Amino acid sequence: MRAYTTAHLSLPLPEGHPFPLYKYGGVAEALKGLLPVLPAPEVPREALFLAHEASYLEKLFGEGLTREESLRLGLPFSQALLRRALHAAGGTLAAALDALKTGLGLNLAGGTHHAFPGRAEGYSLFNDVAVAIFWLRAKEGFSGRVLVVDLDAHQGNGTAFFFREDPSVFTLSLHGERNYPLRKEKSDLDVGLPDGTGDEAYLWALEEALEKARAFRPDLVFYNAGVDVLRGDRFGRLALSPEGVRRRDERVFRFVKALGVPLVVVMGGGYNRDPRLTVAAHAETYRLALSSLA
């Protein structure tokens, strides 16, 4: 068992920028004693072209994003940003391949679910889960049904768009109804929650959603385990406690174990006003995955 990280990659950002670069190194450090934590490999360019529009990729690898496009992304475009996104997507693909071999794959990055086939937004240059699914289909001979369980506080709009007409992929998104993105895409199952939703209401909604997803009978599950659902998150607007997030993860892992299918865990969002809470919550998700499923 192993995990992949982008912590070895630098990303210069303007002073005071809210992107939580600290958490990638923090989570990798927290898990080092449990399993090998390897630098995420760069995703094959061919994999990107399977999922994303060629014109968009050619622009990224050519002149890059315009100022307006960077504003929509929420990050200033740079070669360091592009390189980091390539390795984050590569980590998810490597984790997916591990999952098919061993039952569990872990990427301590990824979950960039706001990227569309032809545009970047919401800190997301590439949709790493979509890229991995397209690669498994085209290059690994995987033809099974895929369930994406997206429990980031924000709707996985890009992922929903990618698979809106694909009956072999079921997208489940449990998110803040009034949160970003204001214009939601249609997932196979969307559960919009009011601002301030706490542990019990959240877990009740999750149980119902997972029970509905069970009928899809997936052969592989991707779990976007964002911890921006925690109370005190700068962008999440929900109010789970650390114990609530742990119970959330336990339910997902119990659900996957009962299905008896491989699982890929990606990091997703987490922007708590207390950075220690963000790192601790992310690290606990991966520890629970190991103790529940490894």
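Derivation of every value follows stated rules applied to the coordinates shown; laboratory data play no part. Computed from a predicted model, the values in this text were never measured in an experiment. Glycine also receives a Cβ, built like all others from the backbone with ideal geometry; neighbour counts cover every protein chain displayed.
Sorted by packing (mean other beta-carbon atoms within 10 Å per residue), highest first, where do 286-294, 3-11 land? Mind dumping the intermediate values first?
Working: 286-294: 17.4, 3-11: 20.7.
For the peptides 286-294, 3-11, the packing ranking is 3-11, 286-294.
Using alpha-carbon pairs under 8 Å, 6+ residues apart, how would you state the relative contact order of the stretch 237-294 in percent?
On the way: 22 pairs, mean separation 28.9, N = 58.
Taking the mean separation of contacting Cα pairs over the length of the stretch 237-294, I get 50 percent.
Report the label-to-label distance for E58 and R254 in nanometres (one decimal), using points 7 Å from each Cα along the Cα→Cβ vector.
5.2
Using only Cα atoms, what Kirkwood radius does the chain have, in angstroms? Write down the numbers at each step before the final one.
Details: mean 1/r = 0.0538 Å⁻¹.
With all distinct Cα pairs of the chain included, I get 18.6 Å.
For the chain, what are the DSSP H helices with axial Cα length of 30 Å or more and mean Kyte-Doolittle hydropathy of at least -0.5? Walk me through the numbers on the way to the answer.
Numbers: long enough: 79-102 (34 Å, 0.50).
Helices meeting the criterion: 79-102.
Length gain on complete extension for the stretch S291 to L82, per 0.36 nm per residue less the alpha carbon to alpha carbon distance? Each step should come with its number before you reach the end.
Values: separation 209, 0.36 × 209 = 75.24 nm, distance 3.38 nm.
Contour length minus Cα-Cα distance gives 71.9 nm.
5 Å is the cut-off here: which amide hydrogens, built 1.01 Å from N in the peptide plane, fall below it relative to F116, excluding neighbours closer than 5 in sequence?
Here E121 satisfy the definition.
Going from the alpha-carbon gyration tensor of the stretch 125-263, what semi-axes, largest first and in whole Å, does one get by taking the root of 5 times each eigenvalue? Mind dumping the intermediate values first?
On the way: eigenvalues 122, 59, 31 Å².
Rounded to whole Å, the semi-axes are 25, 17, 12.
For a quick protection proxy, order the peptides 110-118, 267-275 by their average other-Cβ count within 10 Å, most packed first. Please list the in-between numbers first.
Numbers: 110-118: 25.1, 267-275: 21.1.
My ranking of the peptides, most packed first, is 110-118, 267-275.
Based on Cβ point charges of +1 for Lys and Arg and -1 for Asp and Glu, what charge dipole magnitude is obtained for the chain about its Cα centre, in debye rounded to the nearest 20? Please report the intermediate quantities before stating the final value.
On the way: 34 positive and 35 negative charges, 77 e Å.
For this selection, approximately 380 debye.
Only counting other Cβ atoms within 10 Å, I'd like F162, F77 sorted with the fewest neighbours first. Please report the intermediate quantities before stating the final value.
On the way: F162 26, F77 18.
If I rank by nearby Cβ atoms, fewest first, I get F77, F162.
Expressed as a rounded percentage, what relative contact order does the stretch 19-293 have, with Cα pairs under 8 Å and six or more residues apart? Provide the component values of the computation, followed by the final result.
Working: 548 pairs, mean separation 53.5, N = 275.
Dividing the mean separation by the residue count of the stretch 19-293 yields 19 percent.
Calculated FRET efficiency, R72 and L21, Cβ-Cβ r, R0 25 Å, to nearest 0.05?
Numbers: r = 20 Å, r/R0 = 0.79.
The value I calculate is 0.80.
Along the Cα-to-Cβ line of E243, 7 Å from the Cα, sits a label point; which residues in the stretch 167-207 have backbone N less than 18 Å from it?
Flagged as within label range: 197-204.
Tally Lys/Arg at +1 and Asp/Glu at -1 over every other residue whose Cβ is under 14 Å from the Cβ of W204; what's the total?
Working: positive: K212, R247, R248, R251; negative: D199, E200, E207, E208, E211.
Here the count lands on -1.
Which value at 222 nm does the chain reach when only helices count, each DSSP H run of 4 or more adding -39,500 (n - 2.57), with the total divided by all residues and rounded to the nearest 500 deg cm²/dmol?
On the way: 10 runs with 127 residues, N = 294.
Calculated mean residue ellipticity at 222 nm is -13500 deg cm²/dmol.
Would you mind counting up the charge near Y286? Only other residues with Cβ under 15 Å from its Cβ, with Lys and Arg at +1 and Asp and Glu at -1. Present the calculation step by step, with values, prior to reporting the outcome.
On the way: positive: R2, K23, K32, R246, R248, R287; negative: E29, D98, D249, E250, E284.
Result for the neighbourhood of Y286: +1.
Apply the Karplus parameterisation 6.51 cos²θ - 1.76 cosθ + 1.60, with θ equal to phi minus 60°, to every residue of the stretch 13-20 and state each ³J(HN,Hα) to the nearest whole Hz, in sequence, with x for glycine and proline.
Computed from phi, the couplings for the stretch 13-20 are 10, x, 4, x, 5, x, 4, x Hz.
Which entries of K23/K186; K32/K184; K59/K101; K32/K59; K32/K257 show an alpha-carbon separation above 32 angstrom in the structure shown? Could you put the intermediate results ahead of the total?
Working: K23/K186 30 Å; K32/K184 37 Å; K59/K101 35 Å; K32/K59 37 Å; K32/K257 25 Å.
In this structure, K32/K184; K59/K101; K32/K59 lie more than 32 Å apart at Cα.
If amide hydrogens are placed 1.01 Å from N in the peptide plane, which non-local residues have theirs closer than 5 Å to the one on V169?
Those lying under 5 Å, H to H, from V169 are V146.
Please get the size of the charge dipole for the stretch 68-127, origin at its Cα centre, with Cβ charges of +1 on Lys and Arg and -1 on Asp and Glu, quoted in debye to the nearest 20. Show your work: numbers first, answer last.
On the way: 5 positive and 4 negative charges, 26 e Å.
Value, rounded to 20: 120 debye.
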